[in-house]
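For reference, the structure is listed below as C-alpha cells.
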Amino acid sequence: MRRRRRHSVDLRVFVGAVEFPNPVLCASGTAGYGTELSGVMDMAAPGAVVVKSLSAEPWPGNPAPRVDATPAGMINSVGLQGPGVVAWAAEQLPALQAAGVRVVASIWGRTIEEYRRAAELLAPHRSGILALEVNLSCPNLEEGEHLFARAPESTAAAVEASAIAGLPLWAKLSLVAPDIVTVAAAAREAGAAAVTLINTVPGMVIDVAERRPVLGAGPGGVSGPAIRPQAVRAIWECHAALGDLPIVGVGGVARGADAVEMLMAGASAVQVGTATFASPRAPERVCAELTAWCRRRGVASVRDLTGAAHRPGRPEAS
C-alpha cells in the first residue's frame, strides 16, 4: 500500500518587515534571558526568543514570594528584576547569538527618559537583535501606579523615545487601557511596527490561613489559560479596527489550537509564556501541533490563518 504523502506547510511569518521561520515565539519574562532554557530545548527552534524586559540600570525587583499558582495559570509579581542592558549585552547576548537564537529584546522604564536610555544602550548591539518589544505595562513612578499603556499619549511618548534603538518596535499593551484599540492606534502613529497583545491581567490572591496576600508585593499579574479569551478579544478588536497593524498574540497559549485561535483573530505570530513553567519545551510542542493542524486541513501557509475568523467561509473540518 502506498504511503500517503505528507502535506507541506510553510510556517514562515512576517511581523512588519521582520521574517520569522515559524510563528511561535518565547514570551518575555518566561524564558529568562534565553540561555536558561538552553539545556532543555533547542533555543533556535522557536521563531524567536523575547528576552526578559531590561531597564537601563540593574533593578532588584519585588520582595518574595513572587509567583503563585492559580486554577488556570499563575500570578506573579517579579517586579521586572534584571541586570540592566549593559550587563545583559555583555553576558547573555553573545551566547544567544552563538546558539543561533533569533533575539527580540524587551525594555521598560519608570519614566520616558528611562525608556530612551535603555533603547540608547541597546543601539550598539542592534545587529544581533531582530526587534525591540517596548513593555508599556510597568508602573510610572512619576505618576503613582499609572501604566504607560493606559493612555494613548503616554504610550506614544514611550514608543517615540524607544526609536533611538534603531530597531523595529513592538508596543506591548495591557487591558488596563480603557480602549485598547485607541492605544494601539497611538502606538502605530508613534512609530510602532507592531503591537503585542496582551500583558498579564491585574489580580490578587489572599492566603486565608495567614490572612495576608500570597505575593510579597500584594497585587500581581495573572497569566495562563484563564486570560486567553481576553487576549483573543483584544487581538480581534485591534485587527478589525487596524487591519494593517501587525499583532503578536500572547496570553494562555499552551496548545497548537490556541495558536490557531489567536492567528485567526488577527495575530501574525504568537508567544508562549506561562506554559513553559510546566513544560520548558512548550514552544516546540505548540509549533508541532500547529503544523499538524495545518496539515490535516490542507493549509499550505500559516500566514493564511491570520485574520481568517474575520473572513466568512466554510467551517474547517475537525
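Each residue in the range 277-302 was checked for being polar (S, T, N, Q) and part of a helix (DSSP H, G or I), and 1 pass.
A Cβ distance below 7 Å, combined with a sequence gap of six or more or placement on separate chains, defines the contacts here; from the range 47-75, residues that are at positive phi reach residues that are hydroxyl-bearing (Ser, Thr, Tyr) in the pairs GLY73/SER223; GLY73/THR274.
Among the residues that make up the range 230-237, is at least one of them among the β-branched types (Val, Ile, Thr) and out of contact with any helix residue (DSSP H, G or I) (no Cβ under 9 Å at 6 or more places or on another chain)?
There is no residue in the range 230-237 that is among the β-branched types (Val, Ile, Thr) and out of contact with any helix residue (DSSP H, G or I) (no Cβ under 9 Å at 6 or more places or on another chain).
How about the range 70-91: which of its residues are over 18 Å from PRO60 (Cβ atoms), part of a loop (DSSP other than H, G, I, E, B) and under 20 Å from the mean Cα position of the chain (by Cα)? The one that is over 18 Å from PRO60 (Cβ atoms), part of a loop (DSSP other than H, G, I, E, B) and under 20 Å from the mean Cα position of the chain (by Cα): ALA72. Residues that are open to solvent by less than 40 Å² (accessible area, probe 1.4 Å) and aromatic (Phe, Trp, Tyr) were ranked within the range 1-35; the one that is modelled with the lowest pLDDT is TYR33.
Within the range 113-140, restricting attention to residues that are aliphatic (A, V, I, L, M), surrounded by 19 or more Cβ atoms within 10 Å (Cβ to Cβ) and part of a helix (DSSP H, G or I), the residue that is farthest from the chain's Cα centre (by Cα) is LEU121.
Look at the range 31-43: where a residue is aromatic (Phe, Trp, Tyr) and a partner is surrounded by 15 or more Cβ atoms within 10 Å (Cβ to Cβ) and in a helix (DSSP H, G or I), sitting 6+ places away or on another chain with Cβ atoms under 7 Å, you get TYR33/TRP88.
A count restricted to the range 216-236 and to residues that are touching a Ser or Thr at 6+ places or on another chain (Cβ under 6 Å) and free of Cβ contacts under 8 Å to residues at least 60 places away in the same chain stands at 0. Restricting attention to the range 92-107, and to residues there that are among the hydrophobic types (A, V, I, L, M, F, W, C) and assigned to a loop (DSSP other than H, G, I, E, B), which single residue is nearest to VAL195 (Cα to Cα)? Filtering first and then ranking leaves VAL101.
Just one residue in the set ALA158, ALA163, ALA192 is in contact with a helix residue (DSSP H, G or I) (Cβ under 8 Å, 6 or more places away or on another chain), touching a residue at least 24 places away in the same chain (Cβ under 8 Å) and surrounded by fewer than 21 Cβ atoms within 10 Å (Cβ to Cβ); that residue is ALA163. Close Cβ contacts (under 7 Å, 6 or more residues apart or on different chains) running from residues in the range 256-276 that are assigned to a loop (DSSP other than H, G, I, E, B) to residues that are open to solvent by 10 Å² or more (accessible area, probe 1.4 Å) and of a type in the set (A, V, I, L, M, F, W, C) comprise GLY266/TRP236; SER268/PHE14; GLY273/VAL250; THR274/MET74. For TRP236, are the conditions met, namely being out of contact with any Phe, Trp or Tyr (no Cβ under 8 Å at 6 or more places or on another chain) and open to solvent by 60 Å² or more (accessible area, probe 1.4 Å)? The answer is yes for TRP236.
Apart from one condition, ARG110 fits all of (1) assigned to a loop (DSSP other than H, G, I, E, B); (2) among the charged types (D, E, K, R); (3) farther than 26 Å from VAL67 by Cα; the exception is (3).
Which count do you get for residues in the range 74-111 that are closer than 19 Å to LEU130 by Cα, of a type in the set (S, T, N, Q) and open to solvent by 10 Å² or more (accessible area, probe 1.4 Å)? So the answer is 2.
The residue of the range 45-64 that is nearest to VAL302 (Cα to Cα), among those that are open to solvent by less than 30 Å² (accessible area, probe 1.4 Å) and in a loop (DSSP other than H, G, I, E, B), is GLY47. Just so you know, in the range 204-221 the residues that are part of a strand (DSSP E or B), at pLDDT 95 or above and crowded, with 17+ Cβ neighbours inside 10 Å include one that is nearest to the chain's Cα centre (by Cα), and it is LEU215.
The values are calculated or read from the model by the stated rules, or taken from the named source; none is laboratory data. Keep in mind that what you see is a predicted model, and the values were worked out from it rather than measured. Glycine gets a Cβ as well: all are built from the backbone with ideal geometry, and neighbour counts include every protein chain shown. Side chains are part of the model used for accessible areas, which takes the heavy atoms of the whole protein and leaves out ligands, DNA and RNA. Shrake-Rupley method; radii C 1.70, N 1.55, O 1.52, S 1.80 Å.
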